[in-house]
Amino acid sequence: MSRKPRRTAMATKKKPASVTNRLKSQKPKARSRQPGSDLRSYTILDYRLEKPSFTLRQVRIGDETRYEVESGDLFQNDLSRPVPPLRESKYLSKQQVIEIYRWMLLNRRMEAALENLYKQGKVVGGVYFGLGQEACSCASAFALRKDEWLGPMIRNQGALLVRGFAPRDIMMQYMAKAGSPTKGRDASSHFGDIEKRNVVAPISTLGDLIPVLAGVALGARLQGKQIAAMTYIGDGGQSTGVTYEGLNFAAVQKLGLVLIVENNLWGYSTPADMQFLVKDLAERAIAYGIPGVIVDGTDACQVYDACHEACERARRGEGPTLIEAKMMRMKGHAIHDAAEYVPKPLFEYWKRRDPIARLEGYLLKKKWLSAAENAKLMADVERQL
């Protein structure tokens, strides 16, 4: 059976005019120097200053679109700056602030006990401390509901305590005991509980928790639930490719991811100013089209308020939030690192901003705790170890 030749679209088309002739027939369009309706401005909120840190505005000049700082204050670390008082929380009750304080105390005392076990040779793996970062770990996790999800990193022991792990669980884990969360299979912080506590275990490859927690939020949405899924990344880890991929996916899909960027000023032994050129890591939220906010990572009330608002936003289905917590890693990268590369004045300055001492002073000054009640609370914490 013979087939008729198929007529193609090209056979019916006229021969296209040359590129030169088409360009000649087009009149040049006027270029506006005014910001167009499609241009946007971005504000990075700074909870420390109670005002926008700065506002970036898109400006179009000819064919070029650029960003200009429209207003605000680019905060710089100043070692002569006095330590400010803690900010009053907009959401926390007296009892809730005391509870966060108790978690922070337990966090620090447990890590001190872990250090002693290491020195006794009972812990042989790496131990990573969150000294100076207790407010960030405890207050952030405290903002989650029980049905929401957490993906902690190696310095977030306090977040694990808030989610229901006992100090005994964590210390047995580091000693690789059979009764530990991983039944002795791991002698470090790689454990979680997805059955009861909604905690995803840390992943050694930095940044990998971000797409995982984005996936958790997506899975919840498919089940008809809008939840917050919180995880952490360090200042160094935020530069990994998977961080961008996961956060961009969460932004496009409007997933309820809450990302805490723990800017503790050092990526192992590399200072922040040798890792990135932006003044504030919260600026990177602009690239994803999501809110970026800055908090004092040693102020538990600020951390909680920012996380509470980010979680509420996630529950409304409005997408992710990037929260940069500025603080200082008060020990080396791990227990084997003496941190001799850190200038002593830096340690001295951040010691004055100790998150536990600041919260203790806040509670005593407001008379929410008496000296006797504070001593009793500390004794109760010691009995848990």
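Of note:
- Among residues of the range 180-199, those that are among the hydrophobic types (A, V, I, L, M, F, W, C) and buried (at least 20 other Cβ atoms within 10 Å of the Cβ), counted: 2
- The set of residues from the range 163-179 being within 25 Å of the chain's Cα centre (by Cα), part of a loop (DSSP other than H, G, I, E, B) and surrounded by 16 or more Cβ atoms within 10 Å (Cβ to Cβ) comprises Arg163, Phe165.
- Every residue from the range 211-239 that is surrounded by 20 or more Cβ atoms within 10 Å (Cβ to Cβ) and either among the acidic types (Asp, Glu) or free of Cβ contacts under 8 Å to residues at least 24 places away in the same chain (or both): Asp235
- Filtered residues of the range 314-354 (kept if without any contact (Cβ under 8 Å) to a residue 40 or more places away in the chain and touching a helix residue (DSSP H, G or I) at 6+ places or on another chain (Cβ under 6 Å)): none
- Only one of the listed residues (Phe75, Phe129) is modelled with pLDDT under 95, crowded, with 16+ Cβ neighbours inside 10 Å and under 26 Å from Val278 (Cα atoms). That residue is Phe75.
- Residue match in the range 259-275 (condition: of a type in the set (D, E, K, R), surrounded by fewer than 21 Cβ atoms within 10 Å (Cβ to Cβ) and closer than 25 Å to Asp354 by Cβ): yes
- Filter pass, Lys376 being of a type in the set (Lys, Arg), assigned by TED's automatic domain parsing to the domain that holds Val124 and under 23 Å from Pro167 (Cβ atoms): yes
- Residue in the range 121-136 that is among the hydrophobic types (A, V, I, L, M, F, W, C), part of a helix (DSSP H, G or I) and within 22 Å of His308 (Cβ to Cβ) present: yes
- Qualifying residue in the range 113-120 (condition: assigned by TED's automatic domain parsing to the domain that holds Leu255, farther than 28 Å from Leu364 by Cα and in a loop (DSSP other than H, G, I, E, B)): yes
Rundown of residues vs (1) within 28 Å of Lys331 (Cβ to Cβ); (2) touching a strand residue (DSSP E or B) at 6+ places or on another chain (Cβ under 6 Å), yes/no style:
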{"residue": "Asp147", "(1), (2)": "no, no"}
{"residue": "Asp169", "(1), (2)": "yes, no"}
{"residue": "Ala187", "(1), (2)": "yes, no"}
{"residue": "Asn198", "(1), (2)": "no, yes"}
{"residue": "Pro202", "(1), (2)": "yes, no"}
{"residue": "Pro211", "(1), (2)": "no, no"}
{"residue": "Gly219", "(1), (2)": "no, no"}
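- Residue selection: Pro345 satisfies the criterion of being under 26 Å from Tyr128 (Cβ atoms), in the same structural domain as Trp103 (by TED's automatic domain parsing), exposed (fewer than 13 other Cβ atoms within 10 Å of the Cβ) and not acidic (Asp, Glu).
The values are calculated or read from the model by the stated rules, or taken from the named source; none is laboratory data. For clarity, every value in this text was computed on a predicted model and none was experimentally measured. Because the Cβ atoms are built from the backbone with ideal geometry, glycine has one as well, and the counts that use them run over all protein chains shown.
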